[in-house]
There are 2 protein chains.
Amino acid sequence: MTDEVPRILTVQRAAHSLATPAQRGEAEAWADSPVALPFGPFDPAEHRTLELGLHNWVEQQTGLSLGYVEQLYTFGDRHRDPREQAGGPRLVSVGYLALVRQVPLSGAGEAEWRNWYDFFPWEDWREGRPAIIDQAIRPQLQNWIAQISDQDERQNYQERLSIAFGTEAAPWDFERVLERYELLYEAGMIGEALRDAQIRAAISGEPAPQPDAETVETAERLGTPMALDNRRVLATALGRIRGKLKYRPVVFDLLPPTFTLLQLQRVVEALGGVRLHKQNFRRLVINGGLVEPTGQRDSQSRGRPAELFRFRREVLSERPASGVGLPAARIIG
Amino acid sequence: MTDEVPRILTVQRAAHSLATPAQRGEAEAWADSPVALPFGPFDPAEHRTLELGLHNWVEQQTGLSLGYVEQLYTFGDRHRDPREQAGGPRLVSVGYLALVRQVPLSGAGEAEWRNWYDFFPWEDWREGRPAIIDQAIRPQLQNWIAQISDQDERQNYQERLSIAFGTEAAPWDFERVLERYELLYEAGMIGEALRDAQIRAAISGEPAPQPDAETVETAERLGTPMALDNRRVLATALGRIRGKLKYRPVVFDLLPPTFTLLQLQRVVEALGGVRLHKQNFRRLVINGGLVEPTGQRDSQSRGRPAELFRFRREVLSERPASGVGLPAARIIG
DNA sequence: TTCATATATACTCATATTGAGCATATTTAT
DNA sequence: ATAAATATGCTCAATATGAGTATATATGAA
């Protein structure tokens with residue numbers, strides 16, 4: 001986080017992952033989306049666990065030491081990397097989500113912090129419902145679904161649309177980041193979808209599809225494309241972290257040891273993509289025992305100085321993780 | 001589920017996973033825990049996605065067609081399989097959780113349905129707090145922690161104990177299945193821990209450790225051991241499904257198309273390992289729009305016949321997934 | 001010095017949700 | 001006819017949540 005911008009660490013191109021220089025050259029020809037998530041090969045001989053491999057790799061490449069680390073998902077679909085179709089190896093990636101305080105990068109030099117919402121412009125509701133949703137996303141998705149010939153399939157997509165993007169009756173669910181991304185991809189509205197169509201055509205020798213101007217323009221408005229399926233991985237991460245925000249104290253790894261409640265709130269808001277009610281947020285974290293006052297106050301700010309708080313680790317052993325999961329141990333007749 | 005018993009599908013031994021007959025023979029010598037989760041090698045050439053590989057494999061081996069499927073976790077630690085230390089290949093497993101209605105098994109014949117709580121006797125609180133917790137688990141864990149020499153490490157384990165098994169003040173958290181299992185393993189109280197110690201000694205040529213009688217007896221009371229780290233995988237699954245119970249309608253894949261509310265409640269209770277308040281459960285699922293009445297009634301039962309309900313799919317598009325995740329789309333000043 | 005503005009903090013109040021129990025309805029077994 | 005078992009309906013207190021009002025304490029400009 002810097003100011004109120006949630007950032008992700010990106011590297012410049014995917015080509016590093018490839019084993020041989022020959023493959024690398026081949027990849028660069030296709031790499032019209034040079035922005036990628038940091039990654040590295042897993043070396044079974046060297047790394048005792050997957051997570052240690054991750055730590056080592058990130059430390060070495062970026063100088064960062066990771067705080068909270070959580071395994072996200074393992075991606076193994078064919079054609080995640082179009083080179084596979086041309087006889088390349090099958091790529092299976094184990095994605096991790098890690099939270100770090102932003103620091104200057106000392107790594108190989110191609111790493112960069114980028115605004116998370118550059119990749120998902122429709123996910124940031126802090127300034128209100130993003131206009132692009134009703135201007136482009138909903139109508140174009142609706143059109144795309146309408147022209148599906150198979151009745152069952154059409155109905156299925158209609159339901160997915162309702163679930164992912166909400167309806168009049170149903171609100172927007174901030175955790176369904178992946179569902180939204182996948183719909184946009186399948187509808188061919190996302191940059192990666194256009195790119196992958198080109199690649200498939202090139203490989204199979206068919207003529208390259210020519211998307212019309214509106215399609216291209218929409219794709220550009222729908223954020224920065226990434227290498228391979230990295231944006232899907234990133235969508236998974238955003239959904240996951242949003243899901244955890246409220247019932248596991250994960251955000252504290254993004255804050256200094258002491259902080260004001262407004263700072264804390266801003267981090268939560270940035271990740272959640274929503275504005276929260278300030279007084280209620282205060283009540284929640286204080287009464288919930290998540291933080292405790294230090295007695296010191298912050299001097300930097302404009303108005304009345306805010307008290308500095310710290311995270312209360314004890315909360316971990318005090319209350320069950322899920323605010324509303326299964327009921328606490330109680331036996332009822 | 002049969003009656004009120006949640007069941008998992010097991011196969012008879014782990015040896016099938018091995019590539020060559022030679023390795024297989026070697027494995028059988030070590031396989032003193034023949035109960036394993038069903039599994040199979042992933043064949044990149046044949047399987048378009050990991051999940052399709054899973055479906056094919058299970059269908060072919062057991063005749064089951066899977067309903068709800070969810071990726072659990074990818075396990076890649078060294079020495080998940082002790083053979084690795086003797087130069088065997090590194091094993092990385094992608095675990096999946098699938099829900100199916102119990103049907104007769106038509107597969108290779110070694111598959112079997114087993115009570116989930118045979119492997120985690122301390123997780124089933126439906127008949128009250130399991131006695132083993134206070135008779136054996138807590139005191140022996142406490143002893144083990146007390147004899148740790150390093151101060152920081154001891155304190156860390158003490159905190160993990162509080163979080164995993166609760167304290168006077170803090171209730172038992174039904175979702176922390178994995179944390180509990182891992183503590184028991186690290187403390188050497190679980191069958192697999194004893195087995196792995198033997199294997200490590202055999203490989204390194206050291207004399208085999210001789211656990212005392214109490215240790216062996218406790219391990220036996222702590223449930224059936226499984227091959228490799230399969231019980232850890234299973235613990236992950238139980239924790240995951242418990243976490244999802246309350247805010248995603250996953251249980252319906254374990255029920256027939258229509259069911260009584262008590263049937264539904266029994267399934268939730270079996271997985272959660274708790275008894276629930278009947279009237280409140282009814283209120284929850286009806287008012288929550290999860291189910292709708294069919295107008296028909298059940299005739300089998302003893303007392304007043306219960307109405308048959310069905311799952312309301314529409315609920316998926318009506319309300320945000322998380323009962324209490326991030327707030328619904330609302331912008332507040 | 002004074003006041004407008006910004007921020008922090010405290011408190012109120014209506015509404016919704018949850019935990020627990022009581023009461024009634026409808027069936028089967030004896 | 002009655003006891004036992006189960007289903008269903010309703011109440012009530014406690015707690016949590018959403019939204020707002022009120023007060024406190026700082027900065028910066030007039």
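The values are calculated or read from the model by the stated rules, or taken from the named source; none is laboratory data. Keep in mind the model is a prediction, meaning the values are calculated, not measured. Using ideal geometry, Cβ is built from the backbone for each residue, glycine included, and neighbour counts are taken over all protein chains shown. Protein only, heavy atoms only, side chains kept; ligands, DNA and RNA dropped before computing areas. Shrake-Rupley method; radii C 1.70, N 1.55, O 1.52, S 1.80 Å.
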Quiz prompt | Heavy atoms of A:Met189: accessible area, 1.4 Å probe, square angstrom to 10 | solution = 10 Å²
Quiz item: How far is A:Gly288 from the same spot in each other copy, in nm, shortest first, if each label point sits 7 Å from Cα toward Cβ?
Solution: 2.0
Self-check item: Cβ-based charge dipole, the protein assembly as shown, positive-most Cα from A:Leu50, A:Val267, A:Tyr157
Solution: A:Val267
Self-check item: Per residue, in Å², the accessible surface of the protein assembly as shown once ligands and nucleic acids are set aside, probe 1.4 Å
Solution: 49 Å²
Practice problem: Ignoring everything but the protein chains, give the 1.4 Å probe accessible area of B:His55 in square angstrom, nearest 10. | Solution: 50 Å²
Quiz prompt | Positive dipole terminus of the protein assembly as shown, leading residue within B:Asn287, A:Val216, A:Ala187 (C-beta point charges) | solution = B:Asn287
Quiz item: Using modelled amide H (1.01 Å from N, peptide plane; none on Pro or chain starts), what sits under 5 Å from the amide H of A:Tyr68, excluding residues fewer than 5 places away?
Solution: A:Leu99
Practice problem: Return the value, in Å² to the nearest 100, of accessible area buried between chains B and A (probe 1.4 Å, both sides summed). | Solution: 5000 Å²
Quiz prompt | Residues in the stretch A:155-181 occluded by at least 10 Å² - accessible area, probe radius 1.4 Å, against chain by itself | solution = A:Glu159, A:Ser162, A:Ile163, A:Ala170, A:Pro171, A:Trp172, A:Asp173, A:Phe174, A:Glu175, A:Arg176
Practice problem: Whenever you get a sec, compute what percent of the accessible area on the protein assembly as shown sits on carbon and sulfur atoms (1.4 Å probe). | Solution: 49 percent
Self-check item: Simple Cβ-charge dipole of the protein assembly as shown, Lys/Arg +1 and Asp/Glu -1, about Cα centre, in debye nearest 20
Solution: 2300 debye
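First measure r as the distance between the Cβ atoms of B:Glu70 and B:Gln158, then evaluate 1/(1 + (r/R0)^6) with R0 = 30 Å and state the FRET efficiency to the nearest 0.05.
Using R0 = 30 Å, I get an efficiency of 0.35.
Add -39500 (n - 2.57) for each DSSP H run of 4 or more in chain B, then divide by its residues: what number comes out at 222 nm, to the nearest 500 deg cm²/dmol?
When only DSSP H runs of four or more count, the value is -11000 deg cm²/dmol.
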Quiz item: Among A:Arg176, A:Arg302, A:Arg101, which one moves the most in a GNM of chain A with springs linking Cα atoms closer than 10 Å?
Solution: A:Arg302
Quiz item: Roughly how much of B:Asp77 is accessible, in Å² to the nearest 10, using a 1.4 Å probe?
Solution: 80 Å²
Exercise. Report relative contact order for chain B in percent, whole number only (criteria: Cα-Cα under 8 Å, sequence separation at least 6).
Key: 18 percent
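Let me spell out the model: positive unit charges on the Cβ of Lys and Arg, negative unit charges on the Cβ of Asp and Glu, origin at the Cα centre of the stretch A:247-318. What dipole size does that give, in debye rounded to 20?
Rounded to the nearest 20 debye, it is 280 debye.
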Practice problem: In a Gaussian network model over chain B where Cα atoms closer than 10 Å are linked, find which of B:Thr258, B:Thr224, B:Thr167 has the largest mean-square fluctuation. | Solution: B:Thr167
Self-check item: Per-residue HN-Hα couplings for the stretch A:270-281 [Karplus 6.51, -1.76, 1.60; θ = phi - 60°; Hz; x = Gly/Pro]
Solution: 4, 6, x, x, 10, 8, 10, 6, 4, 4, 5, 4
Quiz prompt | Average Cα contact separation per residue, the stretch A:121-221, under 8 Å, 6 or more apart, as relative contact order % | solution = 19 percent
Self-check item: Unit charges on C-beta of K, R, D, E only; dipole of chain A, Debye
Solution: 1640 debye
Quiz prompt | At least 20 Å² accessible surface lost relative to isolated chain, residues of the stretch B:39-69 (1.4 Å probe) | solution = B:Phe42, B:Pro44, B:Arg48, B:Thr49, B:Leu50
Quiz prompt | Separation of the B:Thr167 and B:Arg221 label points, Cα + 7 Å toward Cβ, nm | solution = 2.6 nm
Quiz item: Among A:Gly303, A:Leu254, A:Asn143, which residue has its Cα positioned farthest towards the positive end of the charge dipole of chain A, with +1 placed on the Cβ of Lys and Arg, -1 on the Cβ of Asp and Glu, and the dipole taken about the Cα centre?
Solution: A:Gly303
Quiz item: Which of rounded, prolate, oblate describes the protein assembly as shown, given a ≥ b ≥ c as roots of the alpha-carbon gyration tensor eigenvalues and a/c under 1.5 marking rounded, otherwise prolate only if a/b is larger than b/c?
Solution: rounded
Practice problem: Evaluate chain A: find the radius of gyration of its Cα atoms, find its Kirkwood radius, and give the ratio Rg to Rh. | Solution: 0.99
Quiz item: Which of B:Ala197, B:Ala98, B:Ala111 moves most in a GNM of chain B, Cα contacts under 10 Å?
Solution: B:Ala197
